[in-house]
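Note sheet for the following structure.
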Amino acid sequence: MIGELKYEEISAIANALKKESSIINELIKDKNIQELSDFTATVEGYSKYLETTLEINKDADKALEELASKKN
């Protein structure tokens, strides 16, 4: 968990952001809407940030489990 969210919930949020951003990009592909393109790039970046944070926390959980098992 990260905060009060389960890893699966965070993953679902990241995937939804990535999917919706992709849909928006497809819709504005032939239009010159730079501000919206910038926004979707930011959303994609945040989605990647969530995925990275998720992986770091999972790795930290594994490391803590190993340390706890060695302590006993």
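The values are calculated or read from the model by the stated rules, or taken from the named source; none is laboratory data. None of these values were measured; they are calculated from a predicted model. Please note: Cβ atoms are built from the backbone with ideal geometry, for glycine as well, and neighbour counts cover all protein chains shown. What goes into the accessible areas is simple: the full protein's heavy atoms, side chains included, and nothing from ligands, DNA or RNA. Shrake-Rupley method; radii C 1.70, N 1.55, O 1.52, S 1.80 Å.
Numbers for the structure displayed
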item: Members of the stretch 5-46 that are over 30 Å from N57 (Cβ atoms) and part of a helix (DSSP H, G or I); result: E26, L27, Q34, E35, L36, S37
item: Test result for E9, among the acidic types (D, E) and loosely packed, with under 14 Cβ neighbours inside 10 Å; result: yes
item: Residue match in the stretch 38-45 (condition: touching a residue at least 40 places away in the same chain (Cβ under 8 Å) and loosely packed, with under 13 Cβ neighbours inside 10 Å); result: no
item: The stretch 29-57, subset modelled with pLDDT under 95 and basic (K, R), residue nearest to S11 (Cα to Cα); result: K29
item: Pair list, Cβ under 7 Å, 6 or more apart: the stretch 46-71 residue under 29 Å from S21 (Cα atoms), other residue open to solvent by less than 90 Å² (accessible area, probe 1.4 Å) and of a type in the set (F, W, Y); result: L54/Y7; K58/Y7
